[in-house]
Amino acid sequence: QELFQIDLLSPWETCAGALLCLYCWKYTGTAAAILYAAQVHLQREVMEAAKLDGCGECRLFFRIRLPIIRGQVGLSLLFLLMDYFRIYKESFLLFGRYPPDELYLIQHYMANHYLKMDVFHVSVAAASMAMLCLLLFGLSALLMKEKRVKTK
């Protein structure tokens with residue numbers, strides 16, 4: 001709170017900016033490491049051949065590099081999405097049990113109803129979270145399966 005100069009009376013945009021800075025600082029390192037490893041393993045011959053054929057840097061990135069590392073980009077996005085669900089701890093430390101309404105996460109809802117011993121609301125929220133995670137997992141599995149069929 002001292003670092004970002006925020007409290008519960010700060011505008012929600014300032015609070016969201018502080019939470020976003022913490023999220024980026026804490027969790028984007030994993031995605032950066034995965035993408036760096038993917039870039040290192042790109043074949044130089046392919047890049048040099050594309051440059052000799054007159055391919056500019058922008059086209060080289062979007063037409064050659066990005067399709068080659070598409071799987072690693074997807075993995076990085078999946079990790080960032082999983083890490084988004086872990087941002088509750090930072091939000092709780094910055095704003096307490098009841099942050100501004102715009103930043104009220106499902107984890108806040110579950111924790112607050114758990115402390116009230118409202119088991120019904122907690123179980124519905126947990127089931128909703130599980131369904132959302134299963135839906136995202138199923139969607140990513142379908143996309144990966146479709147990718148495998150196209151490459152064969």
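Look at (1) in contact with an Asp or Glu (Cβ under 6 Å, 6 or more places away or on another chain); (2) modelled with pLDDT of 75 or more and you find that residue 49 fails only one, number (1).
Taking the listed residues 65, 148, the one that is open to solvent by 40 Å² or more (accessible area, probe 1.4 Å), at pLDDT below 85 and part of a helix (DSSP H, G or I) is 148, with no other qualifying. Of the numbered conditions (1) of a type outside the set (D, E, K, R); (2) within 24 Å of the chain's Cα centre (by Cα); (3) open to solvent by 100 Å² or more (accessible area, probe 1.4 Å), residue 35 fails exactly one; give the number of that condition. With (1) of a type outside the set (D, E, K, R); (2) within 24 Å of the chain's Cα centre (by Cα); (3) open to solvent by 100 Å² or more (accessible area, probe 1.4 Å) applied to residue 35, the lone miss is (3). Just to be sure before I move on: is residue 123 in contact with a Leu (Cβ under 7 Å, 6 or more places away or on another chain) and in a helix (DSSP H, G or I) in the structure I sent? Spelling it out, it is not the case that residue 123 is in contact with a Leu (Cβ under 7 Å, 6 or more places away or on another chain) and in a helix (DSSP H, G or I).
So that you can scan it fast, the table gives a plain yes or no per residue for (1) over 27 Å from residue 20 (Cα atoms); (2) basic (Lys, Arg):
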{"position": "48", "(1), (2)": "yes, no"}
{"position": "66", "(1), (2)": "no, no"}
{"position": "77", "(1), (2)": "no, no"}
{"position": "85", "(1), (2)": "no, no"}
{"position": "94", "(1), (2)": "no, no"}
{"position": "97", "(1), (2)": "no, yes"}
{"position": "107", "(1), (2)": "no, no"}
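Taking residues in region 110-137 that are under 21 Å from residue 98 (Cβ atoms), and partners anywhere that are among the small types (Gly, Ala, Ser) and in a helix (DSSP H, G or I), the pairs with Cβ atoms closer than 6 Å and at least 6 places apart or on different chains are 110/125.
The values are calculated or read from the model by the stated rules, or taken from the named source; none is laboratory data. Worth saying up front: this structure is predicted, and the values here are computed from it rather than measured. Heads up, the Cβs are rebuilt from the backbone with ideal geometry, glycines too, and the neighbour counts pull from every protein chain shown. For the accessible areas, the whole protein counts, side chains as well, though only heavy atoms, and no ligand, DNA or RNA atoms are used. Shrake-Rupley method; radii C 1.70, N 1.55, O 1.52, S 1.80 Å.
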